[in-house]
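The values are calculated or read from the model by the stated rules, or taken from the named source; none is laboratory data. Keep in mind that this is a model prediction, so the values were computed, not measured. Cβ placement follows ideal geometry from the backbone for every residue including glycine, while neighbour counts extend to all protein chains displayed.
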Amino acid sequence: MNTVIKKTARLFFPPITNWKFWLIMALLIRGSFFIIQLHIYHSTNGIWGITSDDDEQYLTSIENLISKGSYTPDFRMPGYGVIYFPLYLLFSRNTAYNLLIILQVLASSISVYALALIAKKVFNYTAFFYFTFYLFAVNYFTNSFDMWVFTESFATSMLIFFVYYFILYNESKGNRHLFLAGLFLTWVIFLRPVYILVPFIFLPGLYFINHKDKKKTLLASCLFLSTFVAVEGAWVLRNYIVYERIIPLTKSEYLPTYEDTYVPTERFVQTWGGGVARDYLTLDFSNVPDIYTSQFNADSLKMLHTLKVMDNTLTPAEKVQNHQLIIAKINRYTQSIKHERPWLYYVKAPLSQLQQFLYMPRIWYILFFVKNCGTQIWHFYSFLYNFILYTGFLGMFLLVLKLVKEPLKFLLTIIPLYTIIIHPIILRKPEYRYFIPALPFLILCSIYALFRIYDKTISRWLQKPQVLE
């Protein structure tokens, strides 16, 4: 039995420095998930992954840039498109899509090894590497997005690469590592502009890494931000030439494909924490909680739905007037909640959005793969998600306490904390996919919490002499 255990250990737990083994293992695991998903989704259009209306906003712009010389539509920053550019330039559209998805799988596989190395370097325990590697490799909540034509897969991988090189800089003080950290973080911002504040949150870390030397910190900060300043500067210049105004990110957070009632509907839903506005496209608010004010009641909301249904019977001119009436009503209701129900608007609504952001059923449909593979696997991933979530929050709390004595460990909490605060609480956008980039770092926090619990309880108990009664 001992021989079998030793052979198994050597097979699945070789030295950390055996990078070829770990990269191949990560690719085998992530690749297996990808192949199984291909079989389940049965692509009929020649594209191996899953597409949506959003991919037009990311990739059609690049197609127009190549064919017409104009980056339009430009409602998305070109962080995703820059990867697609050489692929579409050399291959057909479907082949370019498929190669893009393969690159996502490859980057995702490499990021598994990088995250495990982060765990080893920060906590200085080999066991952290092994736990992190296998737990992240088999985590379906992140690798399911490898086959979606969305920014989440690359954004998650690039965030991991950014943190990896930032930590390497802490070890080596090498400018190359700091430059690469800045490069990957810039790429993240151009994939997911919401992370625009992250470079400045990490800047104080350079102060501690350089032993509070102000001159070295200043030079390191300039190097770290150099790529972002250069690329962002070029993007702002381009926008100024096109629109004659300063646009640092995108000119609107809403896509042109949204109908005119969508934006006021989203703002109304956000005032009481109703979740994602797309769930209310028909303006059916029949299941809302007690959100009423002096300006509206349940019958008022029923009337909104009735007005929306009337669209099908109206002329174009009448439809415009009808929409204006709907918008005026929704805006009035929104303002009344802000003024008359401040507790609901400022406290209950953000907490409700946070709960929906983290709550398992909000992402049930990305588990289509799991459900097709059996109830047991479904329950396993349901348990795994919640286990990582709760222990991860405990780990974040424990690591936040390390801020003064061990700031490098505290840095691991920044990405999950920032993601969890900015999306559901600040922006009030609880869409499930926005949580994906935070999960790898929440896994690190979870593993840290488990080791702390073990170290403080079980390991000490095992060292005590047992007294038979």
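Any residue in segment 316-333 that is in contact (Cβ under 8 Å) with a residue 12 or more places away in the chain and among the hydroxyl-bearing types (Ser, Thr, Tyr)?
Checked segment 316-333: at least one residue is in contact (Cβ under 8 Å) with a residue 12 or more places away in the chain and among the hydroxyl-bearing types (Ser, Thr, Tyr).
Checking Arg278 against (1) closer than 21 Å to Trp343 by Cβ; (2) surrounded by fewer than 16 Cβ atoms within 10 Å (Cβ to Cβ), which single condition isn't satisfied?
Result: Arg278 passes all but (1).
Under the condition of being part of a helix (DSSP H, G or I) and free of Cβ contacts under 8 Å to residues at least 12 places away in the same chain, which residue from segment 80-94 is farthest from the chain's Cα centre (by Cα)?
Once the filter is applied, the top-ranked residue is Leu90.
I'm checking my understanding of the structure. Among residues of segment 126-163 that are within 11 Å of the chain's Cα centre (by Cα) and not in a helix (DSSP H, G or I), which one is surrounded by the most Cβ atoms within 10 Å (Cβ to Cβ)?
Among residues in segment 126-163 that are within 11 Å of the chain's Cα centre (by Cα) and not in a helix (DSSP H, G or I), the one surrounded by the most Cβ atoms within 10 Å (Cβ to Cβ) is Thr151.
Within segment 47-79, track down each residue that is part of a helix (DSSP H, G or I) and touching a Leu at 6+ places or on another chain (Cβ under 7 Å).
Gln57, Ile66
Tell me, yes or no, whether segment 423-434 has at least one residue that is more than 29 Å from Glu266 (Cα to Cα) and hydrophobic (A, V, I, L, M, F, W, C).
no
It is to be established whether one or more residues within segment 142-155 are polar (S, T, N, Q), without any contact (Cβ under 8 Å) to a residue 60 or more places away in the chain and in contact with a Leu (Cβ under 8 Å, 6 or more places away or on another chain).
no
Just checking, does segment 321-335 include any residue being touching a helix residue (DSSP H, G or I) at 6+ places or on another chain (Cβ under 9 Å), not assigned by TED's automatic domain parsing to the domain that holds Tyr432 and not in a helix (DSSP H, G or I)?
no
With the checklist (1) modelled with pLDDT of 90 or more; (2) over 25 Å from Ala277 (Cβ atoms); (3) of a type in the set (Phe, Trp, Tyr) in hand, flag the one item Trp461 doesn't pass.
Of everything listed in (1) modelled with pLDDT of 90 or more; (2) over 25 Å from Ala277 (Cβ atoms); (3) of a type in the set (Phe, Trp, Tyr), Trp461 misses just condition (1).
Among the helices (runs of 4 or more DSSP H) contained in segment 386-461, which hold 3 or more residues that are in contact with a Gly (Cβ under 7 Å, 6 or more places away or on another chain)?
On the way: elements: 407-411, 414-421, 439-453.
Per the criteria, 439-453.
Residues are listed down the side, and each one gets a yes or a no for (1) over 25 Å from the mean Cα position of the chain (by Cα); (2) modelled with pLDDT under 95:
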| residue | (1), (2) |
| --- | --- |
| Val188 | no, no |
| Pro204 | no, yes |
| Asn210 | yes, yes |
| Ala220 | yes, yes |
| Ser226 | no, no |
| Val231 | no, no |
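Given the options Leu178, Leu168, name the one that is among the aliphatic types (A, V, I, L, M), part of a helix (DSSP H, G or I) and crowded, with 22+ Cβ neighbours inside 10 Å.
Working: Leu168 fails: crowded, with 22+ Cβ neighbours inside 10 Å.
Step by step, each of Leu178, Leu168 is checked, and only Leu178 is among the aliphatic types (A, V, I, L, M), part of a helix (DSSP H, G or I) and crowded, with 22+ Cβ neighbours inside 10 Å.
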